[in-house]
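The values are calculated or read from the model by the stated rules, or taken from the named source; none is laboratory data. Everything numeric here is computed off the predicted structure, so don't read it as measured data. Neighbour counts are summed over all protein chains in view; Cβ atoms, including those assigned to glycine, are modelled from backbone coordinates with ideal geometry. Keep in mind that these areas ignore ligands, DNA and RNA; they rest on the heavy atoms of the full protein, side chains included. Shrake-Rupley method; radii C 1.70, N 1.55, O 1.52, S 1.80 Å.
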Amino acid sequence: MTFGTTSVGSPLAGAAPVTEDEIRSAGSLAARAVGVTKVYGTGDARVNALDGVTLGIPGGRFTAIMGPSGSGKSTLMHCLAGLDTVTAGQVFVGDVELTRLDDKRLTRLRRDRIGFVFQSFNLIPTLTALENITLPMDIAGVRPDQAWVDTVIDTVGLRPRLRHRPAELSGGQQQRVACARALAAKPEIVFADEPTGNLDSRAGAEVLSFLRSSVREMGQTIVMVTHDPVAASYADLVVFLADGRIVDQLPEPTPDGVLERMKGLDR
Ligand code: ADP
């Protein structure tokens with residue numbers, strides 16, 4: 001079965017739109033990639049990290065991007081989030097075409113409309129948990145919506161830890177601070193890059209449960225890159241990449257279902 005620029009036949013229940021025409025016209029999508037290619041290097045060192053990716057990210061849903069190592073997952077996420085430029089094609093967040101923005105506007109869009117969660121937490125060690133959570137808004141000069149920040153803090157279960165510095169928190173707690181930081185400014189979309197990569201399975205499950213409940217209960221849109229079938233099973237939809245192309249999608253995933261599809265992709 002081929003996805004990407006090709007039609008899927010019968011659309012899967014809950015699957016993202018997949019044809020280029022569907023995606024071009026799908027204004028309700030939180031983000032879109034249309035015919036995106038990304039080439040690194042030249043000559044013998046040339047790598048087609050993304051090879052014509054067309055993908056719609058539905059709003060208010062949890063989408064996981066999976067694929068073997070080197071399949072282009074991180075590159076796709078970085079291009080969708082405006083952290084990296086594309087070689088060809090278009091990327092949209094909402095109706096704004098990122099691929100037409102200059103650096104200044106792109107930085108502002110990332111700051112105002114996108115939240116990030118990284119594998120390595122990226123917390124500021126000298127700030128408390130609460131200060132870390134509100135830092136992006138402080139930098140942007142935006143007054144936090146206190147009721148919303150309180151909701152996020154309570155949902156993530158951090159209330160008793162707000163005055164602690166990162167070194168006084170477990171890995172799972174630090175990542176929950178990072179998730180709260182990503183959600184506190186009510187971004188249109190949150191990108192999470194292997195958010196459970198540095199956590200044991202229990203702490204990972206807590207973080208994934210929180211991400212999922214932020215989608216179900218708060219209507220957040222999340223895109224998560226992972227290579228872990230269990231992590232992917234928390235999503236509403238899994239998109240599979242291989243060799244820089246989208247090769248499959250799986251709505252309502254289970255760990256076994258994801259593992260099964262991954263077996264077909266591993267080289
Ligand atoms: P994944 O996240 O699925 O492991 P990546 O997106 O990191 O895959 O990489 C896709 C391909 O692009 C790989 O072949 C990788 O070696 C290559 N690549 C990624 N980043 C760079 C870079 N900065 N320079 C050169 N090649 C890169």
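Once backbone amide H atoms are built at 1.01 Å from N, residue 189 has 115 as its partners under 5 Å, excluding neighbours fewer than 5 places away on the same chain. Heavy-atom surface analysis with a 1.4 Å probe gives the chain a carbon and sulfur content of 48 percent of its accessible area.
Averaging over all projection directions, find the projected area of the Cα convex hull of the chain and quote it in nm² with one decimal place.
14.5
What the phi angles of the stretch 186-191 give under the Karplus curve with 6.51, -1.76 and 1.60, with θ = phi - 60°, is a coupling list of 6, x, 5, 8, 10, 9 Hz, glycine and proline written as x. Residue-wise HN-Hα couplings along the stretch 156-162, as the Karplus relation 6.51 cos²θ - 1.76 cosθ + 1.60 with θ = phi - 60° gives them from phi, are 8, x, 9, 3, x, 10, 4 Hz; Gly and Pro carry x. Excluding residue 257 itself, calculate the net charge of residues whose Cβ lies under 15 Å from the Cβ of residue 257, where each Lys or Arg counts +1 and each Asp or Glu counts -1. Here the charged neighbours net out to -4. Anisotropy class assigned to the stretch 93-245 is oblate, per the alpha carbon gyration tensor with a/c at or over the 1.5 cut-off and a/b no larger than b/c.
For the chain, what is the accessible area per residue in Å², given a 1.4 Å probe and the full set of protein chains?
Per residue, the chain has 46 Å² of solvent-accessible surface.
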